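The values are calculated or read from the model by the stated rules, or taken from the named source; none is laboratory data. Remember, it's a predicted structure, so these values are computed and weren't measured experimentally. Quick note on the areas: whole protein, heavy atoms, side chains included, nothing else; ligands and nucleic acids left out. Shrake-Rupley method; radii C 1.70, N 1.55, O 1.52, S 1.80 Å.
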Amino acid sequence: MTRRGLSVVALAAGLALGLPSLAHGLQLPTMQIGLGETTNPKQVSVLIEILMMFTILSIAPALLMMMTCFTRLVVALSFLKKALGTQTTPPNQTLIGLALFLTLFIMTPVFKQMNDTAVKPYLDEKITLEQAVNTGMVPLRNFMFKQTREKDLALFLSIAKVAQPKNKDEVPTSVLVPAFMISELRTSFEIGFVLFLPFMVIDMVVSSVLLSMGMMMLPPVMISMPFKLLLFVLVDGWNLIVGSLIRSYGA
């Protein structure tokens, strides 16, 4: 064995022999994990914050679809794709991404108001958590009320057997959300019907021409699709449709 090897063995032996004696003179630290109450939001445990973050992320898609304008946008864009007759263009991921960023654009004033009236005062310890939740829901509820039909709202009030509310503040959020959803679906289907009309006319004209020419075996979709795309580009379709969708929310 080399001199370096002997040194390493001697050091290891010395540590092994010295640890029992050193253990009597050393105090090993202990670790305790517990949960306590606090009224200071800045003192919330990191673990609790992580738990809350993952909980919010898990329900974020449902909140995005149920309480914002995302549903109307994505359904209308899907109708547009069907009306054009394109199978995979634009991809669904592109349409969903466009609907998502349009949702953020439309909902920015609402989110800003929620941040100014609820989030910032709570972090500054001016209001409690319950007050922050109640205050933060006001701008979102006002947005949903503007887009909800009274007929749809009355339907869910009757199903839930809730007494006729005297004002909007007495309408439960659990009733408002589904009423807002079906109102958005109705509006998106109306937009889809309007989008289908011009392209349906092109399909009918192309089918009639092909039938009169005796070209029975040629698929009409193959001939009508270039004309649809040409019409859509000439009228600047994306500008018109996106602008109309945004203006439908009063933006």
Legend entry - Between segment 151-174 and segment 213-251, the Cα center-to-center distance that results, in Å: 40
Legend entry - Gain upon complete extension [L240, D169; 0.36 nm per residue less C-alpha separation]: 21.9 nm
Inset, instruction - Ignoring everything but the protein chains, give the 1.4 Å probe accessible area of T89 in square angstrom, nearest 10. - result: 90
Inset, instruction - Among the aspartates and glutamates, select those whose C-alpha is under 18 Å from the C-alpha of K120, and discard any that sit fewer than 8 residues away in the same chain. - result: E49, E130
Inset, instruction - Determine which lysines satisfy two conditions relative to K81: a Cα distance under 23 Å, and not lying fewer than 8 residues away in the same chain. - result: K228
Legend entry - Partner lysines for K166 [C-alpha distance under 25 Å; skip if fewer than 8 residues away on the same chain]: K146, K151
Inset, instruction - Mind ranking R72, R186 by accessible surface for me, highest first, 1.4 Å probe? - result: R186, R72
Legend entry - Per residue accessible area of segment 83-181, 1.4 Å probe, in Å²: 64
Inset, instruction - Report in % the part of the accessible area of segment 102-238 that belongs to carbon and sulfur, leaving out ligands and nucleic acids; probe 1.4 Å. - result: 70
Inset, instruction - List, in order, the whole-Hz ³J(HN,Hα) value for each residue of segment 168-174 obtained from phi through the Karplus relation with A = 6.51, B = -1.76, C = 1.60 and θ = phi - 60°; use x for Gly and Pro. - result: 5, 5, 8, 7, x, 5, 5
